[in-house]
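Chemist: For reference, the structure I am asking about is given below.
Here, each number is a calculation from the coordinates, and none is a lab measurement. Computed from a prediction, not measured in an experiment: that's the story for all the values here. Cβ placement follows ideal geometry from the backbone for every residue including glycine, while neighbour counts extend to all protein chains displayed.
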Amino acid sequence: MASFHVTGGTQLKGELVPQGAKNEALQILSAVLLTEEEMVINNVPNIRDVNKLIDLLNEMGVRVTKNNPESYTFKADQIDIDFLESDRYKQMASSLRGSIMLLGPLLARFKKGRIPQPGGDKIGRRRLDTHFTGFQKLGAKFQYDKKTGYYNIDASHLTGTYMLLDEASVTGTANIVMAAVLAKGKTTIYNAACEPYLQQLCSMLNRMGAKITGIGSNLLNIEGVESLGGTEHAMLPDMIEIGSFIGMAAMTQSEITIKNAGIPHLGIIPDIFQRLGIKMEFRGDDIFIPEQDRYEIETFIDGSIMTIADAIWPGFTPDLLSIALVVATQAKGTILIHQKMFESRLFFVDKLIEMGAQVILCDPHRATVIGLDKQVALKGITMTSPDIRAGVSLLIAAMSAEGDSIIHNVEQIDRGYQNIDGRLNAIGAKIERI
Ligand SMILES: CC(=O)N[C@H]1[C@@H](OP(=O)(O)OP(=O)(O)OC[C@H]2O[C@@H](n3ccc(=O)[nH]c3=O)[C@H](O)[C@@H]2O)O[C@H](CO)[C@@H](O)[C@@H]1O
Ligand SMILES: C=C(OP(=O)(O)O)C(=O)O
């Protein structure tokens, strides 16, 4: 288990270039299974989850060529479908959440798919019903084998249909879309998730020959085609990393420029950080965050206390709520952070309280933060990173704190942030990997 030794109270100054988006990469890499032609994928982040998925594809028989550190070519023309029965597959697929999205392409192209309970953050119940109900609507048979712990799906053929998803699941929508593109006839998916990750996936599938309309909305129409060809694709900048950097700049009173941020794709993210009082300027596609001694949380128009809650896109992503929470601990003002989607994602506030933050965990979904207005610094402590986003929030807290902190289990952070210590140290942070 790796740890970070963080020297608190350091200011950063300089430029950060966001990595390619983790959650987009997991969808795009799964989609390479949909064709036997070459797929060139660029702006691939060098992070644990993505590297694990690339290794898994490789062991399944996909030919993988690394063109440069951020670009790969994939050719899925020799898939060993029996590999799905192996212990090695079980072990690899269960180590990340993104592996669930192998199912749609496998079902579409090889008529069967199987997956053990996928990994990912332990942030409360993470059901998969939407995925399997969608596959069943397309004509697949679904079976959960209690003895082996495998979810199995099989279909001699898939037929397009109308479906109203019971929730706008991000990976669920991606999975169903990837199955439907090769189904016979027309599929309509209502209450589809529509994050930029999905917009990117659907646009790429269209370039491969799929016929998807409604991209960016919650109503997708997919006209099935016989086969798909190869294409080239580049991931968008990671919007969660960008939000994390904005919060980090405010907490550490740093002047940071986030280069090539893909501003049109960030949705409501900049607005939410602005409501927390963080100043920023859009300079072309860069976000400039000036050094700010203090920042003040807005109230609602009627003067009542601000609430930030997560919501499905184009609402505020749940993956940035932990960051917003930590930023609020040093703001002037009070805020309610309401994590609606996940029930175990706010427990990390215990560590912030131990550091001196004024936070009341009202229940597993809601925390009230009374900002310290930079009058009292947080104190460095020893802590363990429970999940990827809480991990980065604790890193931000530690960087802003008085004294040193130790953060254990930083593999959680490495799941989604490329060389975070190296990149932050280059602009003034003091983070030692131990
Ligand atoms: C690999 C990947 O891409 N992971 C992301 C993906 O996970 P993932 O695709 O697993 O998350 P889902 O979108 O399926 O659901 C997330 C949670 O929200 C709940 N839910 C979802 C939709 C809805 O309308 N109502 C509702 O309550 C679900 O029950 C679940 O608890 O999307 C999540 C939600 O943005 C992000 O936190 C994860 O980082
Ligand atoms: C929850 C997340 O990831 P995963 O779905 O891979 O656990 C995340 O990226 O914040």
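Chemist: Given the options Ala250, Gly120, Ala397, identify the residue whose Cα lies farthest towards the positive end of the charge dipole of the chain (+1 on Cβ of Lys, Arg; -1 on Cβ of Asp, Glu).
Modeler: It is Gly120.
Chemist: If you don't mind, another one. Based solely on its DSSP helices, what 222 nm [θ] is calculated for the chain when runs of n ≥ 4 H residues each add -39,500 (n - 2.57) and the sum is averaged over all residues, nearest 500 deg cm²/dmol?
Modeler: Taken over the chain, the calculation gives -8500 deg cm²/dmol.
Chemist: Take every DSSP beta bridge with both residues inside the chain and express the antiparallel ones as a percent of the total, to the nearest 5.
Modeler: Approximately 70 percent, going by the DSSP bridge assignments.
Chemist: Still on this structure: Kindly give Rg over Rh for the stretch 22-234, based on alpha-carbon atoms, with the Kirkwood expression for the hydrodynamic radius.
Modeler: 0.92
Chemist: Here's something else I'd like to know. Leaving out same-chain residues fewer than 8 places away, which lysines sit with a Cα under 29 Å from that of Lys186?
Modeler: The reachable lysines, counting only those whose Cα sits under 29 Å from Lys186, are Lys75, Lys111, Lys112, Lys137, Lys141, Lys211.
Chemist: In debye to the nearest 20, how big a dipole does the stretch 22-234 give about its Cα centre with +1 on each Lys and Arg Cβ and -1 on each Asp and Glu Cβ?
Modeler: 540 debye
Chemist: Name the residue farthest towards the positive end of the dipole of the chain from the options Met208, Val369, Thr384, assuming +1 on Cβ of Lys and Arg, -1 on Cβ of Asp and Glu, about the Cα centre.
Modeler: Met208
Chemist: Find the eigenvalues of the gyration tensor of the Cα atoms of the chain, then list the square roots of 5 times those eigenvalues as equivalent ellipsoid semi-axes, largest first, in whole angstrom.
Modeler: 38, 22, 21
Chemist: Let me ask something additional. Could you work out which residue, out of Asp49, Asp350, Asp238, moves most in a Gaussian network model of the chain, that is, has the largest mean-square fluctuation with Cα springs under 10 Å?
Modeler: Asp350
Chemist: I've got another one for you. About its Cα centre, how strong a charge dipole does the chain have in debye, to the nearest 20, once Lys and Arg get +1 and Asp and Glu get -1 at the Cβ?
Modeler: Magnitude of the dipole: close to 840 debye.
Chemist: Further, regarding this structure: Taking the 0 to 90 degree range and rounding to the nearest ten, how far is the long axis of helix 170-180 tilted relative to the main principal axis of the chain, both from C-alpha atoms?
Modeler: 20 degrees
Chemist: Hey, if you put +1 on the Cβ of every Lys and Arg and -1 on every Asp and Glu Cβ in the stretch 1-149, which of Pro45, Ser99, Thr133 ends up farthest toward the positive end of that dipole?
Modeler: Thr133
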